[in-house]
Structure formats: structure tokens, C-alpha cells
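Accompanying notes for the structure given below.
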Amino acid sequence: VQLQASGGGLVQPGGSLRLSCAASGSIFSINSLAWYRQAAGKQRELVARATRSGNLDYADSVKGRFTIARDNAMNAVYLQMNNLKPEDTAVYYCNGWTMYGRDYWGKGTLVTVSS
């Protein structure tokens, strides 16, 4: 499985960004697609996850502000981020977890929230 993320950038507090991630390869094996983030000096953390069965999970810190969506074929996942805060600044990574219990990661995309 290969994952390609895009959509990061610089945005002012209160602004919005939309991240996209395209999956390719053994897409049939993907059970979930997710977004993680890692801020400077901090551990990588789960932001949101969408499963093949339709379940959606969010970190408490982004509930009500971020929305994850995936297409039915599990070949793309999106993260709509609204009302962004400086503490959302991080490198965001697309993640795919397969039926074989293996994680795949895309290259990160930097999101900077600053005035």
C-alpha cells in the first residue's frame, strides 16, 4: 500500500484547510484510513480514523472542528479542518491499516497555524 498526502500549508487561526490522501496498491486489504499528527517535540498522535465499515473516530481535541471522510473504495481519505488553532500546528501523516495487521504511512504534510 502506498499513501500520498497533500494539502498542508500556512493558515491563520480560525481558518480552514483540507488534507487529502490517495491510496494505491493493495487497496482491498485496507481496513482503516487515518490521520495522525506530530508536533515539534511531541509524540505522534491519532487525529481521526475512518474504517471500511464506516466507523469514524476523533481525538477529543479536534471533535467538532475536524471531519474525516473516505471514499467507498478506500482509495482516498480526506480531513477537513475548520476553526484551526495554533496548537493544531504539526506534521500530518496519512495512515493505512490492513487486514494483515500492518501499518502503512505516507510522507507527512506540514500544517502551520499562525497569524
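Please verify whether G96 is among the small types (G, A, S) and farther than 12 Å from S20 by Cα, treating the condition exactly as stated.
Details: among the small types (G, A, S): yes; farther than 12 Å from S20 by Cα: yes.
Judged against the criteria, G96 is a match.
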In the stretch 79-107, what residues are open to solvent by less than 60 Å² (accessible area, probe 1.4 Å), outside any strand (DSSP E or B) and either aromatic (F, W, Y) or at positive phi (or both)? G101
Within the stretch 87-105, track down each residue that is farther than 14 Å from S24 by Cα and small (G, A, S). A90, G101
Spot the failing condition for N82; the list is (1) touching a Gly at 6+ places or on another chain (Cβ under 9 Å); (2) under 12 Å from I30 (Cα atoms), and only one is missed. (2)
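The values are calculated or read from the model by the stated rules, or taken from the named source; none is laboratory data. Quantities reported herein were computed from a predicted structural model and do not represent experimental measurements. Neighbour counts are summed over all protein chains in view; Cβ atoms, including those assigned to glycine, are modelled from backbone coordinates with ideal geometry. Accessible surface areas use protein heavy atoms only, side chains included; no ligands, DNA or RNA. Shrake-Rupley method; radii C 1.70, N 1.55, O 1.52, S 1.80 Å.
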